[in-house]
Amino acid sequence: MDLAGKVAVVTGGAGGIGQALARRLMREGVKAVVIADLDATRLAELAADIGCDWQRCDVSKEAEVQALVADTAAKHGPIDLFCSNAGVLDVDADFSDATSAPNSGWERSWAVNVMAHVYAARACLPAMRERRSGHFLHTISAAGLLSQIGSGPYSTTKHAAIGFAEHLAIAHKDDGIGVSMLCPQGVDTAMIRRDTKGAPHPALADGVLSPEVVADIAIEGVKAGEFLILPHAEVASYMANKAASYPRWIGGMAKMRRGRNG
């Protein structure tokens, strides 16, 4: 995908990977980037800094995602790339109990980590199908391919997000629409800092990448038309090990969990 002259939207754009994606897209010579997030103050500051547009949006609410897509198209033209990047991490209330996360955490995780991708696709697909072009970049996580120790909601919803990305790619490949899913492990963002609190964490075992490095890898992947983008190359071998022997893989994950618990 050639990004020059294109219109892009980045949700979760006020910080972390989203901010880095917006900065990288501006360097690609796009026509317009619109960043969206709940934090209007940080959005306005970033937009002024890099020269992009912004709009406050709660991606868990379909009407707000629809408004974001409609307003962007009205102001800048049809959306060519929608980076569905917003995400939340709700942890288990009791590390020893896989069911301990409250329903509110499950519901928030489902709304942001899964349904926000659905809402964005639903809003963008009619125009993309008519033009027979367009691309979705879904920021998911290696947790969707593997698992997330200490968070049932995160692991489960990230698996579901991968299922939807696959479904979207299969269903609309013949419409000329591309899909990429970004699945990093440890990234130096506020989310990972809140989860680890400085303690050892399995997601950090292969190194913590900066948001800028992850964004560069993501955009290069989009330009190359890649479906699965792995900033941490080791994840591919972990996936192969999981497929080769589920019992052995679960045993290894349980050992890692014991290490974190200890």
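I'd like the full set of residues that are in contact (Cβ under 8 Å) with a residue 12 or more places away in the chain and assigned to a helix (DSSP H, G or I), limited to the range 44-59.
Correct list: Leu46, Ala47, Ile50.
Looking at the range 93-129, which of the residues that are β-branched (Val, Ile, Thr) and over 20 Å from Lys173 (Cα atoms) is surrounded by the fewest Cβ atoms within 10 Å (Cβ to Cβ)?
Per the stated criteria, the residue is Thr99.
Every residue in the range 3-43 that is part of a strand (DSSP E or B), surrounded by fewer than 24 Cβ atoms within 10 Å (Cβ to Cβ) and without any contact (Cβ under 8 Å) to a residue 60 or more places away in the chain, please.
Correct list: Ala32 only.
Among Met128, Met115, which is the only one that is aliphatic (A, V, I, L, M) and in contact with a Gly (Cβ under 9 Å, 6 or more places away or on another chain)?
Details: Met115 fails: in contact with a Gly (Cβ under 9 Å, 6 or more places away or on another chain).
The conditions single out Met128.
Pick from Ala254, Ala236, Ala240, Ala218: which is of a type in the set (Gly, Ala, Ser), assigned to a helix (DSSP H, G or I) and in contact with a strand residue (DSSP E or B) (Cβ under 6 Å, 6 or more places away or on another chain)?
Just a single option satisfies the conditions, and that option is Ala218.
In the range 181-220, which residues are touching a His at 6+ places or on another chain (Cβ under 8 Å), of a type in the set (Asp, Glu) and at pLDDT 65 or above?
Keep residues of the range 181-220 that are touching a His at 6+ places or on another chain (Cβ under 8 Å), which gives 181-182, 184-186, 192, 195, 206-207, 209.
Imposing the further condition that a residue be of a type in the set (Asp, Glu) reduces the set to 195, 206.
The answer is Asp206, and nothing else.
Do you know which residues across the range 1-53 are farther than 19 Å from Tyr119 by Cα and charged (D, E, K, R)?
Within the range 1-53, Asp2, Lys6, Arg23, Arg24, Arg27, Glu28, Lys31, Asp39, Arg42, Glu45, Asp49, Asp53 qualify.
Within the range 44-75, how many residues turn out to be surrounded by 18 or more Cβ atoms within 10 Å (Cβ to Cβ), of a type in the set (S, T, N, Q) and in contact with a helix residue (DSSP H, G or I) (Cβ under 7 Å, 6 or more places away or on another chain)?
Qualifying residue count, the range 44-75: 2.
Among (1) under 19 Å from the mean Cα position of the chain (by Cα); (2) within 27 Å of Ala190 (Cα to Cα), which single condition is Tyr238 missing?
The failed condition is (1).
The values are calculated or read from the model by the stated rules, or taken from the named source; none is laboratory data. Quick caveat, the model's predicted, so the values are computed rather than measured. All Cβ positions, even for glycine, are placed from backbone atoms using ideal geometry, and neighbour counts span all protein chains on display.
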